[in-house]
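The values are calculated or read from the model by the stated rules, or taken from the named source; none is laboratory data. Predicted, not measured: the structure shown is a model, and the values here were computed from it. Ideal geometry is used to build each Cβ from the backbone, glycine not excepted, and the neighbour counts take in all protein chains shown. To get the accessible areas, we keep the full protein, side chains included, count just its heavy atoms, and leave off ligands, DNA and RNA. Shrake-Rupley method; radii C 1.70, N 1.55, O 1.52, S 1.80 Å.
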Amino acid sequence: QVQLVESGGGLVQAGGSLRLSCAASGTIFSFNVMGWYRQAPGKQRELVATATSYGNTNYADSVKSRFTISRDKANNTVYLGLNSLKPEDTAVYYCNLRITVEHYWGQGTHVTVST
């Protein structure tokens, strides 16, 4: 059984920064993809950024140059640095772990960016 526990969301003013963390536990194969998705009110869940266990990263165009994903492989933890935040970044951010075709999700953490 895989579990993901997120932390680090909150309320921040536009232009501010946050750092999200997600720790995975359970049986995790060495090759996997960890990442972050977000869902704003009334919108579909969308990809924010992913990082493979080999270190390859991928970002949504809307967050490139502002957000940074990183991983601590030894501790199965993924981080998301959010900089230059905009009100449109307001959403519930979900941690995701993909092992082959299986997806696992965290409970979500709220990020609210005020003007």
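When only Cα pairs below 8 angstrom with a gap of at least 6 residues are kept, the range 58-110 shows a relative contact order of 23 percent. When only Cα pairs below 8 angstrom with a gap of at least 6 residues are kept, the range 1-45 shows a relative contact order of 36 percent. Accessible-area rank, largest first, for V12, V63: V12, V63, with all protein chains present and a 1.4 angstrom probe. Between W105 and N75, the FRET efficiency from the beta-carbon distance, with R0 = 22 Å, is close to 0.70. The alpha carbons of the range 51-115 stretch over 39, 25, 21 Å along the principal axes, in descending order. In this structure R45 has an accessible area near 90 Å², from a 1.4 Å probe over the protein heavy atoms. Solvent exposure of E88, expressed as accessible area, is near 120 Å², computed with a probe of 1.4 Å over the protein chains only.
Please report, in whole Å³, the volume per residue of the convex hull around the C-alpha atoms of the chain. Working shown, then result.
Numbers: hull volume 10.8 nm³, N = 115.
Per residue, the Cα convex hull of the chain comes to 94 Å³.
Ranked by accessible surface with a 1.4 Å probe, highest first, in what order do V5, V92 come? Walk me through the intermediate numbers first.
Numbers: V5 90, V92 25 Å².
Order by accessible area, largest first: V5, V92.
In this structure E46 has an accessible area near 80 Å², from a 1.4 Å probe over the protein heavy atoms.
Note down the net charge around S21, summing +1 for each Lys or Arg and -1 for each Asp or Glu among other residues with Cβ under 15 Å from its Cβ. That sum, taken over residues with Cβ under 15 Å, equals +1. Ligands, DNA and RNA are left out, and with a 1.4 angstrom probe the accessible area of the range 1-100 is 52 Å² per residue. Annotation for T27 and A40: the two label points, set 7 Å from Cα along the Cα-Cβ direction, are 4.0 nm apart.
When only Cα pairs under 8 Å and 6 or more residues apart are kept, what is the percent relative contact order across the chain? All intermediate terms of the calculation are to be shown ahead of the outcome.
On the way: 282 pairs, mean separation 41.4, N = 115.
The value is 36 percent.
For the range 49-115, which chymotrypsin sites (Phe, Trp or Tyr not before Pro) are in a loop by DSSP, counting at most 14 other Cβ atoms within 10 Å? Walk me through the numbers on the way to the answer.
Working: sites: Y54, Y59, F67, Y79, Y93, Y94, Y104, W105; in loops: Y54.
Passing both the DSSP loop test and the Cβ count: Y54.
Highest mobility in the GNM of the chain, judged by mean-square fluctuation with C-alpha springs under 10 Å and restricted to A40, A49, A24, is found for A40. Both radii were evaluated on the Cα set of the range 1-50; the Rg over Rh quotient, with Rh as the Kirkwood radius, amounts to 1.03. Under a 5 Å amide H cut-off, with hydrogens placed 1.01 Å from N, F67 pairs with N83 among residues at least 5 apart or on other chains.
Note on the chain: with neighbouring protein chains present and a 1.4 Å probe, carbon and sulfur make up 48 percent of its accessible heavy-atom surface.
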